[in-house]
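J.: This is the structure I want to talk about, given as structure tokens.
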Amino acid sequence: MLEIFNKWYRRYLFEEESVLLLVILTIAVVLLMTIGDILTPLLAAIVLAYLMQGVASQLQRHGLPQSVGVAIAYIVFVGVFFGVSLGLLPLVWRQLMSLVSETPRMLEQAQQFLGVLPEKYPELVTEAQLSGVMNMAQAELAGLGQTIVTRTLASIPGILTVMVYMILIPLLVFFFLKDREQILGWLSGFLPAERPLLRRIWSEMNMQFARYARGKVVEVIIVGLVTYFAFAWMGLNYAALLGLLVGLSVIIPYIGAALVTIPVVMVAFFQWGVGSEFYAVFAVYVLIQVLDGNVLVPLLFSEAVNLHPVAIIMAVLFFGGIWGLWGVFFAIPLATLIKAVINAWPTAEVATEKVEQETLS
């Protein structure tokens, strides 16, 4: 057993930098597991600043000075951030509360629809079973109002936290953009002066994560807006709420699309029943998903950042388990980073081949 471990160690941790990188990754996982919630605004600000730095870099490539590019990128970020926070989120919240208030009516409609099942399929569903299910659902809804009031009162500290985040995150993004070189230089002081491995891994991670993160932002915006306008044009209730859910669902491939189908189908069914409008909405929703998966995704992403469905599920389970909702949200970007690290991680055989090639040349 010890010999097997020694071979593995000599194969993957033969360099000092490999050990250092393993320590950094271990510390990062421990921090997410222990104080991930506390670090949430900091990590969110880092991701947003990273995205905005890409915008600033593009402006610099078109001839603008660095300070001007950073200023324009930050102004764009502030406009989008507060536009979403003060415009979109309140609208979505109102529609969510309206959907909750409509739940009793939906339950009654569902009871009428399911009431014919015992007559048509008595061997599968009985009156007693259906009555038990409906009584249980009504009992749950009876306490829904009290639960909403209780959670609303309990969420006052959460509302204060959100207000703090709305001030803290823009400030952090500003300083990350303004003092980017200074912060990176300070962090580099803790690393070895010669670090070719870390530079190679950072280059790989930066290329893949930048492509993935910026592509996903564009995909979320396009899918969300198209879904909202399509549902609003068709007269579907809660179009903003459903558009937001469908847009965010693309962050988690396969799983997100499967989960968000449920509320879309339910809202359409309880609004129109099984009819032409219901089938039209469902057809439009399927068309959006098909165009997203077969047209938009190939345009935005390359094969280099694609992940196997098993890897996606494992990432969602793992990071969701150690970091909750934020872990689910950032599961795919984190999995992409891990993939980049694995691709760039050296082995003893690769290092030997490089040395031989350099000697021959």
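J.: Name the pairs: first residue in the range 43-63 and buried (at least 17 other Cβ atoms within 10 Å of the Cβ), second residue polar (S, T, N, Q), Cβ to Cβ under 8 Å, at least 6 apart or on different chains?
T.: Between residues of the range 43-63 that are buried (at least 17 other Cβ atoms within 10 Å of the Cβ) and residues that are polar (S, T, N, Q), the close pairs are Ala56/Gln66.
J.: Further question on the same structure: Need the failing condition index for Tyr254 against (1) under 22 Å from the mean Cα position of the chain (by Cα); (2) modelled with pLDDT of 75 or more; (3) of a type in the set (Ser, Thr, Tyr), just the number.
T.: (2)
J.: Given the conditions (1) surrounded by 12 or more Cβ atoms within 10 Å (Cβ to Cβ); (2) acidic (Asp, Glu); (3) at pLDDT 75 or above, and given that Glu204 satisfies all but one, which numbered condition is not satisfied?
T.: Single failed check for Glu204: (3).
J.: If Gly324 passes every condition in (1) under 30 Å from Gly36 (Cα atoms); (2) at pLDDT below 75; (3) in contact with a helix residue (DSSP H, G or I) (Cβ under 9 Å, 6 or more places away or on another chain) but one, which one does it miss?
T.: Every listed condition holds for Gly324 apart from (3).
J.: Can you list the helices (runs of 4 or more DSSP H) lying wholly within the range 16-86 that have 1 or more residues being under 16 Å from Leu172 (Cα atoms)? Steps first, answer last, please.
T.: Working: elements: 16-35, 40-61, 66-83.
The helices (runs of 4 or more DSSP H) meeting that bar are 40-61, 66-83.
J.: So, in the range 286-315, of the ones that are over 22 Å from Ala210 (Cβ atoms) and within 16 Å of the chain's Cα centre (by Cα), which residue ends up modelled with the highest pLDDT?
T.: Residue satisfying both the conditions and the ranking: Met314.
J.: So how many residues does the range 220-276 have that are buried (at least 21 other Cβ atoms within 10 Å of the Cβ) and aromatic (Phe, Trp, Tyr)?
T.: Count: 2.
J.: Moving on. Just to be sure I understand the filter: pairs with C-beta atoms under 7 Å, separated by 6 or more residues or on different chains, first member in the range 314-341 and under 23 Å from Trp202 (Cβ atoms) and without any contact (Cβ under 8 Å) to a residue 12 or more places away in the chain, second member among the charged types (D, E, K, R) and buried (at least 17 other Cβ atoms within 10 Å of the Cβ). Which pairs pass?
T.: none
The values are calculated or read from the model by the stated rules, or taken from the named source; none is laboratory data. In this text, all values refer to a predicted model and were calculated from it rather than measured experimentally. Glycine gets a Cβ as well: all are built from the backbone with ideal geometry, and neighbour counts include every protein chain shown.
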